[in-house]
Every structure is written in structure tokens, then in C-alpha cells.
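Asks: Submitted below is the structure of interest, expressed as C-alpha cells.
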Amino acid sequence: MTDLPDHLLAGYRNFMTGRYVAEGDRFRTLAREGQAPETMVIACCDSRAAPEVIFDSGPGELFVVRNVANLVPPYAPDGEFHSTSAALEFAVQALKVKNIVVVGHGRCGGIRAALAPASEPLSPGDFIGKWMSLLAPSASAVSGNALLTAGERQTALERISIRYSIANLRTFPCINILEGKGRLKLYGAWFDISTGELWVMNRQTGDFERPEIA
Ligand SMILES: [Zn+2]
């Protein structure tokens, strides 16, 4: 009897006898020397779209922030609580990451909520409603398009939101300056949970394309 769900304890046991044995040196080196990831990933909280799984990455490789619908809010130094902006600040200014990748995904519940806002919030705080209101102008433009099917509207807004987040990254002065100097690159990608397909944003056109992985 422990104070942790059984499946987590079982998973931890597997980790200690499997992955920790295989990668123990790396964990110990990282503990001693600190982390120096080159890439920050901004991903959704969705349990099906974990960036460490998609990119098959090991300890110390990715600096990850996850929030509902992988959104970056605009730069707003207003003294409020900005968790994503805090993570960005640390990644860019302290870790000096070279890449920031915004990873969206198919069947995103946050995007679905933005397209069809619930009449009743999930709780009196309506935190999701407030958070997804960042996308309200894009959502209303997409949801008003009767030529698109529901699935097409969903995918469109998922991809538009990635471009929106990248545009907002550029509102952070430090990011804008470092990108201008060529020391920081911004990327977008969209992951299809069902097929495992990754679509990568063309940084010139903003279109999403399948990468060559052969
Ligand atoms: Zn999502």
C-alpha cells in the first residue's frame, strides 16, 4: 500500500530496471553538469501527443512546456502569472536554446472548444474559456466557413494556432532579437495521433508538409 497509483509504481519499476539502467550514466552526468538542451518544445497537455515520445528523445534533450492547445500568449509584462512566458524566458535567456518548436496535434480538445465554445464553463473560473479566447478571432473566421467540414475546420484551426503561437513568440523582444541574429530558430509541427504522421511547417510559406525521413 503506497500513496501512488499502482500503474505509476509499476511504470517506475520498469523505468528503474530498464531505461535507468541503460541511460544511468547520462542521468548522472546531467545531474552533475546540469542540463543544456538545444531545443524547447511547446506542446499540448494532451496525453496522446507527448513530444518526448514523438521525437524519441532522452533525458536532457528537450526543454518542454505543455499547456492546453500548445498556445503561446502575446508578450505581456503586466505582473500577472504567465507560466508559458516564464518557461520561455528561462529557455531563451538562461539555457540559450537554439530552437523553439511549437507542436500541435490532431483531435485537440482545446481547439475543439475554441471552435464550439461550451455554453457552460467546466468550472466557475472558466480557465479554458479564457485561455482559448486567445484564438477567438481565428476560431470565428474558421467556424464561419461553411465550405469546410467539421474535420477540416478542426485541422485548419490546429494549424492556424501553431502559426499564431509562432507569431506571438516574435512579440517577445529577446526572441525577436535572437532570431534576427540567427541564434534562435522557430519551428512548427503538427502530429496526427492516429497515423503517427508528423507534418512540419514550411518556414517560408507557413504550409504544413510531410518531412523526408527516409
Ligand atoms: Zn491538444
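The values are calculated or read from the model by the stated rules, or taken from the named source; none is laboratory data. Source: prediction; values computed, not measured. Positions of Cβ are generated from backbone atoms using ideal geometry, with glycine treated the same way; all protein chains shown enter the neighbour counts.
Asks: Can you list residue pairs whose Cβ atoms sit under 8 Å apart, with the first residue in the stretch 58-71 being in the same structural domain as residue 85 (by TED's automatic domain parsing) and over 26 Å from residue 114 (Cβ atoms) and the second being near the ligand (Cβ under 9 Å from one of its atoms) and among the β-branched types (Val, Ile, Thr)? Count only pairs 6 or more apart in sequence or on different chains.
Replies: Hits for this filter: zero, empty list.
Asks: Which condition breaks for residue 111 when tested against (1) at positive phi; (2) within 14 Å of the ligand (Cβ to nearest atom)?
Replies: Exception for residue 111: condition (1).
Asks: Considering every residue within the stretch 80-91, establish whether at least one is touching a strand residue (DSSP E or B) at 6+ places or on another chain (Cβ under 6 Å) and either assigned to a loop (DSSP other than H, G, I, E, B) or among the basic types (Lys, Arg) (or both).
Replies: No, the stretch 80-91 contains no residue that is touching a strand residue (DSSP E or B) at 6+ places or on another chain (Cβ under 6 Å) and either assigned to a loop (DSSP other than H, G, I, E, B) or among the basic types (Lys, Arg) (or both).
Asks: Next question, about the same structure. Could you tell me whether the stretch 87-100 includes any residue that is within 16 Å of the ligand (Cβ to nearest atom) and out of contact with any helix residue (DSSP H, G or I) (no Cβ under 7 Å at 6 or more places or on another chain)? Reasoning before the result, please.
Replies: Going through the stretch 87-100, the residues within 16 Å of the ligand (Cβ to nearest atom) turn out to be none.
No, the stretch 87-100 contains no residue that is within 16 Å of the ligand (Cβ to nearest atom) and out of contact with any helix residue (DSSP H, G or I) (no Cβ under 7 Å at 6 or more places or on another chain).
Asks: Further question on the same structure: I need every pair where a residue in the stretch 180-197 that is free of Cβ contacts under 8 Å to residues at least 24 places away in the same chain has its Cβ under 7 Å from the Cβ of a residue that is assigned to a loop (DSSP other than H, G, I, E, B) and not aliphatic (A, V, I, L, M), sequence separation at least 6 or different chains.
Replies: 197/210
Asks: Then there's this: Is at least one residue of the stretch 50-67 under 18 Å from residue 193 (Cα atoms), within 12 Å of the ligand (Cβ to nearest atom) and in a loop (DSSP other than H, G, I, E, B)?
Replies: yes
Asks: Name the single residue, out of those in the stretch 80-97 being touching a residue at least 40 places away in the same chain (Cβ under 8 Å) and surrounded by 15 or more Cβ atoms within 10 Å (Cβ to Cβ), that is farthest from the chain's Cα centre (by Cα).
Replies: 95
Asks: Give just the number: which of (1) under 27 Å from the mean Cα position of the chain (by Cα); (2) at pLDDT below 95 does residue 1 not satisfy?
Replies: Residue 1 satisfies every listed condition except (1).
Asks: Here's a follow-up. Only residues that are within 23 Å of residue 91 (Cβ to Cβ) and exposed (fewer than 12 other Cβ atoms within 10 Å of the Cβ): list them for the stretch 15-34, please.
Replies: Filtering the stretch 15-34 for residues within 23 Å of residue 91 (Cβ to Cβ) gives 23, 26-27, 29-34.
Within the stretch 15-34, 31, 32, 33, 34 meet the criteria.
Asks: Would you mind telling me which numbered condition in (1) closer than 28 Å to residue 83 by Cα; (2) away from the ligand (no atom under 16 Å from the Cβ); (3) surrounded by 14 or more Cβ atoms within 10 Å (Cβ to Cβ) residue 45 fails?
Replies: So the condition that residue 45 fails would be (2).
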